[in-house]
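Below is one structure, written out as structure tokens; comments come after it.
The values are calculated or read from the model by the stated rules, or taken from the named source; none is laboratory data. In this text the structure is predicted, and so the values were computed from the model without any measurement. Virtual Cβ from ideal backbone geometry, glycine too; neighbours counted across all protein chains shown. Protein only, heavy atoms only, side chains kept; ligands, DNA and RNA dropped before computing areas. Shrake-Rupley method; radii C 1.70, N 1.55, O 1.52, S 1.80 Å.
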Amino acid sequence: MIDPILPDDPGSTSLAPEPTPLSRGQQLRHRLRQVNELARTRTSRQSLVTFIGQMGSTVLSVLSTIIISRTLGPAGFGVLAVYTSLVQMLLGFTDFGLGTTAIKLISANLERNRRYASVVMKVIFKIEILSGLLVGVVGLALAGPIADLLGGPQLLFVVRLAFFASIFSSAGAFIGPFFVAYQQFTKNALFGVGASLAKLAGVLMLFKYASVSLDNTIYLYVGIAVAMFFIGLYFSPRDYLIKATKTDEKQAFNEIFHFSKWILLSYFATVLAGKLDVFLLLRFKGSAAVGLYAAAQQLTQIMPLMVGAFTTVLLPRVSRMTRRVEFLSYAKKVLFGSAVLCLALLPVLLFGDFFIHLIFGNKYSGSIVSFKILFVAYLAALFANPLSLVLYAINQPKFMTFFNYASLAISVVLNVALIPVFGIVGASITFLVGNVLGLVVIGGYTLRQINRQPD
């Protein structure tokens with residue numbers, strides 16, 4: 001038997017035979033094996049649990065939305081969308097980036113120093129409770145001027161209830177991140193499904209015994225926010241009850257602040273950019289346009305579910321990585337996984353017209369074009385968001401902050417320019433531009449930073 005001659009053998013006078021190119025059938029089988037191997041990983045299983053939970057929650061929410069949107073019509077549904085957008089914006093403001101920080105710091109210390117992880121948890125718990133109370137009380141005091149800014153005194157009732165609900169939503173913002181930090185993905189999924197199931201049950205009760213009016217629906221949403229806070233408090237990990245000295249808490253607070261200060265600034269930008277379109281649509285085009293836009297957003301929820309399932313499971317895992325080879329392997333896997341998901345989701349885009357009419361009815365035909373633009377925008381986010389987690393893992397959230405404020409500035413300019421002319425299509429185009437820009441800039445910067453990590 002003749003030993004093969006290595007290509008870098010200095011004494012070699014012949015070339016090693018080139019590998020035989022794979023046929024198309026062999027290439028296809030190779031790709032299918034890669035997909036099968038990817039599906040068998042622990043990350044994929046946890047992502048699947050998360051996605052199934054979020055998908056179940058979304059299906060239940062869609063069922064609620066069918067009843068609500070058809071009963072209220074675009075104008076009433078638009079006012080309800082203003083309420084939900086305001087609650088979500090307040091939740092983002094009071095989060096202070098602590099959700100991401102909790103997952104990063106708790107999961108990173110859970111195995112090597114569980115006591116310190118518990119102290120971090122305790123400090124974050126305190127901050128969330130206090131921030132929820134502070135923002136809620138201040139918001140209730142300023143509800144009048146805020147309502148006038150959004151569209152007039154007719155929105156005062158909506159604004160007041162949004163701030164009241166935000167007290168509990170903001171205070172309970174720790175629940176999901178604590179589940180994720182402890183990798184309790186099943187509990188996290190069931191918690192989300194439970195909230196959506198309660199909403200659907202409430203809507204059905206209104207439909208049968210009372211009326212699905214705008215006021216009753218908002219009261220229902222507020223009640224669910226209050227109930228889910230106490231339920232989450234009962235089921236979440238309770239290491240935050242640990243007895244800690246002032247010195248321990250100060251040390252944890254300093255690390256939390258050091259890590260989350262840039263994420264906090266990023267949150268202000270992303271939250272404003274994410275809800276600016278709704279408020280500007282209300283200002284320029286009225287609540288009916290907001291209702292049409294909300295329907296398009298609701299139908300694209302499968303995409304943030306995909307992105308959320310990815311990032312929820314991956315952040316604790318990425319937080320433990322330190323070497324370039326680990327980050328490169330991670331980047332290749334998530335890009336490949338994102339490509340597979342994109343191909344699987346294309347039929348949703350193709351049959352968007354059918355789904356709009358089926359779910360919302362003919363009154364929402366004006367949502368179709370907006371839905372398709374938003375869906376394409378989320379395809380870009382499906383690639384960009386998992387890659388951006390690397391920047392948090394290597395403690396470089398500063399770049400994300402600067403980028404998010406640049407995106408906010410672009411969003412303001414484009415929304416103000418396009419919404420008065422094109423309405424909900426203009427808002428959708430703005431969202432698409434922001435996501436494509438994020439993929440190009442964040443993706444390129446992340447890959448460059450990966451190559452700078454130690455071997």
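Can you report the principal axis dimensions of the range 355-394 using only the alpha carbons, biggest first, rounded to whole angstrom?
Here the spans come out as 49, 15, 10 Å, largest first.
Could you tell me the relative contact order of the range 381-455? Use alpha-carbon pairs under 8 Å, at least six residues apart, and round to a whole percent.
Answer for the range 381-455 is 47 percent.
Arranged from highest to lowest average of other beta-carbon atoms within 10 Å per residue, in what order do the peptides 100-113, 440-453, 216-229 appear?
Answer by packing, highest mean first, reads 100-113, 216-229, 440-453.
Treat each spin label as a single point 7 Å out from the Cα along the C-beta direction, and report the N254 to K126 distance in nm.
If labels sit at N254 and K126, their model points lie 1.6 nm apart.
Which entries of K126/K246; K187/K208; K275/K372 show an alpha-carbon separation above 22 angstrom in the structure shown?
The pairs that break the limit, which is 22 Å between Cα atoms, are K187/K208.
Roughly speaking, to the nearest percent, how much of the range 378-431's 1.4 Å accessible area is carbon and sulfur?
Solvent-exposed carbon and sulfur of the range 378-431 make up 75 percent of the total.
Rank by packing, highest mean first: peptides 82-91, 355-364, with packing defined as the count of other Cβ atoms within 10 Å averaged across residues.
Output ranking for 82-91, 355-364: 82-91, 355-364.
Could you derive backbone 3J(HN,Hα) for the range 141-149 from the dihedral phi with the Karplus parameters 6.51, -1.76 and 1.60 (θ = phi - 60°), listing whole Hz in sequence and x where the residue is Gly or Pro?
Those phi angles translate into 5, 9, 4, x, x, 5, 4, 4, 5 Hz.
Mind listing the Cα extents of the range 80-154 along all three principal axes, in Å, largest one first?
Taking the Cα atoms of the range 80-154, the three principal extents are 54, 22, 14 Å.
How many percent of Cα pairs in the range 119-164 exceed 12 Å?
When all Cα pairs of the range 119-164 are counted, 62 percent exceed 12 Å.
Per residue, how much accessible area does the range 391-430 show when a 1.4 Å probe rolls over the protein heavy atoms, in square angstrom?
Heavy-atom SASA per residue in the range 391-430 reads 42 Å².
Quick one: which of 60-69, 425-434, 289-298, 247-256 comes out on top by average Cβ neighbours within 10 Å, and what's the full order, highest first?
289-298, 425-434, 60-69, 247-256
How long are the semi-axes of the equivalent ellipsoid of the range 287-446, taking √(5λ) for every eigenvalue λ of the Cα gyration tensor, in whole Å from largest down?
31, 19, 11
What whole-number value in Å² describes the accessible area per residue of the range 48-155 for a 1.4 Å probe?
Accessible area per residue, the range 48-155: 39 Å².
Normalising by the residue count of the range 322-439, find the relative contact order in percent from Cα pairs under 8 Å and 6+ residues apart.
32 percent
Give me the orientation-averaged projected area of the Cα convex hull of the range 99-223, in nm², one decimal.
Quarter of the Cα hull surface area: 9.0 nm².
Can you pull a Stokes-Einstein diffusion coefficient for the range 397-455 at 37 °C (0.692 mPa s), Rh from Kirkwood over Cα pairs, as a whole number of µm²/s?
After rounding, the answer is 258 µm²/s.
Could you give the nm distance between label points at Q449 and S213, where each point is 7 Å from its Cα heading toward the beta carbon?
5.1 nm
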